[in-house]
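Rule-based calculations on the coordinates, nothing more; no lab input. The model shown is predicted, which means the values in this text are computed figures rather than measured ones. Here Cβ is always computed from backbone atoms with ideal geometry, including for glycine, and neighbour counts include all displayed protein chains.
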């Protein structure tokens, strides 16, 4: 090898090494196990954390938030929890167990963080609230008030802006199961008015809800935010409206809505498979 070839060879590997240093870190996986986990764990598969809510609330996620409240238009996001183990692009894998009422807020990620069921596992939630947040993906969840000790009707999933804490955007809910009760075959007409929970309420922009299964509901999926995508969802058994589209530029396609249970009367609500009307001064 000539001197020129040696220099070229060394220059190539130096450039390659410097390029490699510039590559982003690979996405990481963390684990949460409400049965066998511990708050003293490190989130690894062998030492999982115990509480999803604790991970969300107690500084384990590097993200962004507004520098102060109340939020006002024109504010710039700032980094929060710098150096925390969970970062944009990572996944929180959920194992079997009960997670209660999960709230995702004050976490505006630069790229999506995924919260998902580990393969073969069924994480059970009573409800899910996402507000003042950005870039979250939620997959494979079982959400029902019947998972709690007392089944109190609620809206099982809410994805909303907040007037004080700020807007929400770029949230995905997929491949999940939502139900008021597992079996409503014994309900009469009044039960279908009084007892079911509603499924998903969206009051934020750029929300994707797809490939979910919802059953035994009051309202199915209601959208008030702009640019929503609602695709390939099954709504089976409802007593009010299956789908509502009230936001601008929403996409509803390939959804199946079946088995309305109550007419009017006795229900004051006029039931529709899909309902929409003009909202606001501009229609």
**OP:** Examine the stretch 144-154 for a residue that is part of a strand (DSSP E or B) and within 20 Å of the chain's Cα centre (by Cα), and state whether such a residue exists.
**Re:** no
Original post:
What do you reckon, is residue 79 under 29 Å from residue 184 (Cβ atoms) and without any contact (Cβ under 8 Å) to a residue 24 or more places away in the chain?
Top reply: no
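I'd like to verify a number: residues in the stretch 187-208 that are within 21 Å of residue 239 (Cα to Cα) and in contact with a strand residue (DSSP E or B) (Cβ under 6 Å, 6 or more places away or on another chain), how many? It would help to see each step written out before you state the result.
Kept after step one, since they are within 21 Å of residue 239 (Cα to Cα), are these residues of the stretch 187-208: 187-202.
Cutting the leftovers down to in contact with a strand residue (DSSP E or B) (Cβ under 6 Å, 6 or more places away or on another chain) gives us 196-202.
Adding up the residues that qualify gives 7.
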Subject >> Extreme residue, surrounded by the fewest Cβ atoms within 10 Å (Cβ to Cβ), among residues of the stretch 134-143 that are more than 9 Å from the chain's Cα centre (by Cα) and closer than 17 Å to residue 99 by Cβ >> reply: 142
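Could you check, for the stretch 169-186, whether at least one of its residues is within 16 Å of residue 237 (Cα to Cα), touching a residue at least 40 places away in the same chain (Cβ under 8 Å) and surrounded by 23 or more Cβ atoms within 10 Å (Cβ to Cβ)?
Residues of the stretch 169-186 within 16 Å of residue 237 (Cα to Cα): 177-186.
In the following step, the residues that additionally are touching a residue at least 40 places away in the same chain (Cβ under 8 Å) were identified as 184.
Checking which are surrounded by 23 or more Cβ atoms within 10 Å (Cβ to Cβ) leaves us with none.
Checking the stretch 169-186: not a single residue is within 16 Å of residue 237 (Cα to Cα), touching a residue at least 40 places away in the same chain (Cβ under 8 Å) and surrounded by 23 or more Cβ atoms within 10 Å (Cβ to Cβ).
Which ones in the stretch 199-216 are over 25 Å from residue 113 (Cα atoms) and surrounded by fewer than 24 Cβ atoms within 10 Å (Cβ to Cβ)?
Step one: list which residues in the stretch 199-216 are over 25 Å from residue 113 (Cα atoms), which gives 215-216.
Once the filter is applied, which keeps residues that are over 25 Å from residue 113 (Cα atoms) and surrounded by fewer than 24 Cβ atoms within 10 Å (Cβ to Cβ), the stretch 199-216 yields only 215.
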**OP:** Within the stretch 110-133, identify whether any single residue is surrounded by 23 or more Cβ atoms within 10 Å (Cβ to Cβ), under 22 Å from residue 75 (Cβ atoms) and without any contact (Cβ under 8 Å) to a residue 40 or more places away in the chain, and answer yes or no.
**Re:** yes
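Pick from 236, 201: which is without any contact (Cβ under 8 Å) to a residue 40 or more places away in the chain and not in a loop (DSSP other than H, G, I, E, B)?
Going through 236, 201 in turn, the sole match is 236.
Counting just the residues of the stretch 265-283 that are in contact with a strand residue (DSSP E or B) (Cβ under 7 Å, 6 or more places away or on another chain) and assigned to a loop (DSSP other than H, G, I, E, B), which one comes out surrounded by the most Cβ atoms within 10 Å (Cβ to Cβ)? Talk me through it step by step, then tell me what you get.
Step one: list which residues in the stretch 265-283 are in contact with a strand residue (DSSP E or B) (Cβ under 7 Å, 6 or more places away or on another chain), which gives 271-276.
With the extra rule that they be assigned to a loop (DSSP other than H, G, I, E, B), the set shrinks to 271, 276.
Values: 271: 17, 276: 15.
For the stretch 265-283, the residue satisfying everything is 271.
Kindly establish whether residue 262 is buried (at least 18 other Cβ atoms within 10 Å of the Cβ), under 28 Å from residue 187 (Cα atoms) and out of contact with any helix residue (DSSP H, G or I) (no Cβ under 7 Å at 6 or more places or on another chain).
So residue 262 does not fit the description; no.
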Subject >> Output for the stretch 146-162, where each listed residue is surrounded by fewer than 21 Cβ atoms within 10 Å (Cβ to Cβ) and under 16 Å from residue 195 (Cα atoms) >> reply: 146, 147, 148, 149, 150, 151, 152, 153, 154, 155
Original post:
Only one of (1) part of a strand (DSSP E or B); (2) at positive phi is not met by residue 242, so which one is it?
Top reply: (2)
